């Protein structure tokens, strides 16, 4: 309290929310601040980055992922979409949020494991694209992840797997070119 009073006496504002209002009258400014601080939507916007950071810490720790992979793991999830749009979710503990995320990923993985023909097709595409472009499999995987090719192949499996190798390689080239 003494530190805050000392900072205030030097003109330093310890509450970043105060910068969001331009009301000159101190009495009206305090009323406005109370409305902002009490608003669940505003609280969510303030709390969301902290929850995300805590959740990323748990993902990195428990999944053994690097920062970029942890970011992808979280931001590609349905839980994150819900977390940013449904205010009640951010009030759950970080461990509960992690459990929800883990269950979501487990269900998604389970549904993908039941698709052996799609996995075979994706492996076929990676191997043939590697040969087609004369690059390493790591480079192919990097390109496929960067431009969303794997998702494209999964969504277009029913049509694409019936085509010839040249057509598929040409289609992947076109897809990547259009995404650049």
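Can you pull out the residues in the range 58-68 that are surrounded by 13 or more Cβ atoms within 10 Å (Cβ to Cβ), part of a helix (DSSP H, G or I) and either without any contact (Cβ under 8 Å) to a residue 24 or more places away in the chain or outside the structural domain of residue 98 (by TED's automatic domain parsing) (or both)? Break it down into steps so the answer makes sense when it comes.
First, pick out the residues of the range 58-68 that are surrounded by 13 or more Cβ atoms within 10 Å (Cβ to Cβ): 58-60, 63, 65.
From the residues that got through so far, the ones that are part of a helix (DSSP H, G or I) too are 58-60, 63.
Answer for the range 58-68, where residues must be surrounded by 13 or more Cβ atoms within 10 Å (Cβ to Cβ), part of a helix (DSSP H, G or I) and either without any contact (Cβ under 8 Å) to a residue 24 or more places away in the chain or outside the structural domain of residue 98 (by TED's automatic domain parsing) (or both): 60, 63.
Sort out which residues of the range 125-155 are part of a helix (DSSP H, G or I) and without any contact (Cβ under 8 Å) to a residue 12 or more places away in the chain, and write them in order of number. Steps first, answer last, please.
Going residue by residue through the range 125-155, those that are part of a helix (DSSP H, G or I) are 125-133, 137-147, 149-155.
Across the range 125-155, the qualifying residues are 127, 130, 131, 133, 137, 138, 139, 142, 145, 146, 151, 155.
Has the range 30-48 got at least one residue that is closer than 25 Å to residue 107 by Cβ, modelled with pLDDT under 90 and more than 14 Å from the chain's Cα centre (by Cα)?
Taking the range 30-48 as the starting set, the residues that turn out to be closer than 25 Å to residue 107 by Cβ are 48.
Narrowing further to those that are modelled with pLDDT under 90: 48.
Imposing the further condition that a residue be more than 14 Å from the chain's Cα centre (by Cα) reduces the set to none.
No, the conditions are met nowhere in the range 30-48.
Please go through the range 83-96 and give me each residue that is within 14 Å of the chain's Cα centre (by Cα) and closer than 19 Å to residue 70 by Cβ, ordered by number. Walk me through it before giving the result.
Taking the range 83-96 first, the residues within 14 Å of the chain's Cα centre (by Cα) are 83-85.
Matches in the range 83-96: 83, 84.
So that you can scan it fast, the table gives a plain yes or no per residue for (1) in contact with a strand residue (DSSP E or B) (Cβ under 7 Å, 6 or more places away or on another chain); (2) outside the structural domain of residue 72 (by TED's automatic domain parsing); (3) exposed (fewer than 11 other Cβ atoms within 10 Å of the Cβ); (4) modelled with pLDDT of 90 or more:
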{"position": "122", "(1), (2), (3), (4)": "no, yes, no, yes"}
{"position": "134", "(1), (2), (3), (4)": "no, yes, yes, yes"}
{"position": "154", "(1), (2), (3), (4)": "no, yes, no, no"}
{"position": "161", "(1), (2), (3), (4)": "no, yes, no, no"}
{"position": "164", "(1), (2), (3), (4)": "no, yes, yes, yes"}
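Residues being buried (at least 17 other Cβ atoms within 10 Å of the Cβ) and in contact (Cβ under 8 Å) with a residue 40 or more places away in the chain: count how many of those fall in the range 69-93.
Qualifying residue count, the range 69-93: 1.
The values are calculated or read from the model by the stated rules, or taken from the named source; none is laboratory data. Keep in mind the model is a prediction, meaning the values are calculated, not measured. With ideal geometry, Cβ positions are generated from the backbone for all residues, glycine too; neighbour counts draw on all protein chains shown.
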